[in-house]
Amino acid sequence: MRVVKRKLYVVNAPPGVPIEKLYEKIGSALRSNYAEVSIRDGKVYVELVGTDYEIKDTWYRVRQALAELWEIYKLETRREASIEAIVKEAGRTFPPEALVHALLLRGYDARLSEDKSILYTDAPPEEVIELARRIAEVIEGLRFRVKGAAAKRMIAALAAGLGEDPERVIEYGLRSRVLEETEEGLVLREEWRRGLRKIAVLLKGAQLPG
């Protein structure tokens, strides 16, 4: 016999997160037959109807979704967030080192924990997410043209951090001989961080008014 129950959960909402974003995030996690969500006075009220399993499964998913928002909120308060939370919020995977260098190029402090699982930065959360998405997008576009993860990471960090078209980054990479065209595609001729600094200097100089 299928026993249907009703249960109300109340939790704190991450401060500073727009209500629309909270509703969207919670809505994507709902799995029970019936759910009612309301947000007021800094609290999230989630009423679920279903079997014990449906309620427990749905509440677990809602808690996970809220935990991801709390992680992003930590960027505002503690200047840190897990890479996993940034990946989920951005909806794309990306190399964490590329994100760090893109943030540095924009003038922010940024570094990774020793195991590369946590990002520490003073950049606004929305800019961190925007850069993570841009890096993933650039790397996807380089998939068949550039050989090697390090070369893609370098180009994506420069394109995202400086707001440049990847083709322009490649052009300056070839000019400075950091990149080389081969039959198999573009390859790095030196360590990617050193190459990134060389190309960044050239691109920043080119951006100055003549």
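The values are calculated or read from the model by the stated rules, or taken from the named source; none is laboratory data. Computed from a predicted structure; not experimentally measured. FYI the Cβ positions are ideal-geometry reconstructions off the backbone, even for glycines, and counts take in every protein chain you see. Each accessible area value is taken on the protein alone, full model and side chains, heavy atoms only, with ligands, DNA and RNA left out. Shrake-Rupley method; radii C 1.70, N 1.55, O 1.52, S 1.80 Å.
Here are some notes:
- Helical runs (DSSP H, four residues minimum) scored at -39500 (n - 2.57) apiece and divided by the length of the chain put the mean residue ellipticity at 222 nm at -17000 deg cm²/dmol.
- Inter-label distance for Ile19 and Val37, nm, one decimal - labels placed 7 Å from Cα along Cα-to-Cβ: 1.4 nm
- Largest accessible area first, the listed residues Val10, Val87 line up as Val10, Val87 when surface is computed with a 1.4 Å probe on the assembled protein chains.
- The stretch 5-78, relative contact order in percent, only Cα pairs under 8 angstrom and at least six apart counted: 40 percent
- With all protein chains in place and ligands, DNA and RNA left out, the 1.4 Å accessible area ranks Val44, Val11 as Val11, Val44, largest first.
- With the alpha-carbon atoms of the stretch 80-207 aligned to their principal axes, the span from lowest to highest coordinate is 39, 29, 25 Å, starting with the largest.
- Karplus-derived HN-Hα couplings along the stretch 167-173 (A = 6.51, B = -1.76, C = 1.60, θ = phi - 60°), whole Hz, x at Gly and Pro: 5, 6, 4, 5, 4, 6, x
- Percentage relative contact order, the stretch 80-207, counting C-alpha pairs under 8 Å, at least six apart: 22 percent
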